[in-house]
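To start, the structure itself, in structure tokens.
What follows is calculated from the coordinates using simple rules that are stated; it is not laboratory data. Source: prediction; values computed, not measured. Neighbour counts are summed over all protein chains in view; Cβ atoms, including those assigned to glycine, are modelled from backbone coordinates with ideal geometry.
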Amino acid sequence: MKRSISQRGVSLIIVLIFLVILSGTAAFTVRRILFGEDMARNLLDIEVARQAAEAALRDAERDIMLAGGVTGATCDRGADRPIKSAYSEPNFGATCPRGQCRFGEQTPAAYYAASNFAAGTNPEPWWPGAGTKWATTPPTTCTFVGGVPLGMFTATPGVKGVSRQPEYMIEYMQRGDDIYFRNTARGWGLDKNTEVVLQSYFKRG
């Protein structure tokens, strides 16, 4: 029995519908796979940035504990380091000279709140924005203000596979008779837009 021309036309339409469905399914699958790869890549880059920031925190602690100069360091530790004998200004100051910050005694709990309301900005040196002490580019000399690149005073080897070496700032803190340091570090991944900021509190024994 011969098929009519109309029957052959219906078969063609059905086949085309199936092709459209299969093409849409394939495109959706490929898109999901690519999205998963992007997610995995981003998570890996965040982990790289986090580990770089961790390395900078450890470097800040080493900077606090070291006595004297370090062979192979980019910059001489100078009179402002070792930090144990250099708590006072100008070694620690509001401009964070060579990565060492200090904002008054910081004993009253209302210190930061009062500063926020008076200035309309966050006084934390590590906070992003107009009042931040982080430099937009790494320092090129040993006389600088803001963050300290990894190994500048300690000769710690740089981190591989990052767009920029991690940096840290050491902030003098005082609560009553207790003196300790708040270390803030930021690290980057392979992508310069991937950034992680970590903090730790450190007290010398």
Expressed in nm to one decimal, what extension gain is obtained for the pair L16 and L34 from 0.36 nm per residue of sequence separation less their Cα-Cα distance?
3.8 nm
The local net charge around V196, scoring Lys/Arg +1 and Asp/Glu -1 for residues other than V196 whose Cβ lies under 11 Å from its Cβ, equals -2
Would you order M65, M173, M152 from fewest to most other beta-carbon atoms within 10 Å of each residue's own beta-carbon?
M65, M173, M152
Residues K203, K133, sorted so that the one with the fewest Cβ neighbours within 10 Å comes first:
K203, K133
At R0 = 35 Å, how high is the FRET efficiency between S200 and R41 if r is their beta carbon distance? Nearest 0.05 is fine.
0.80
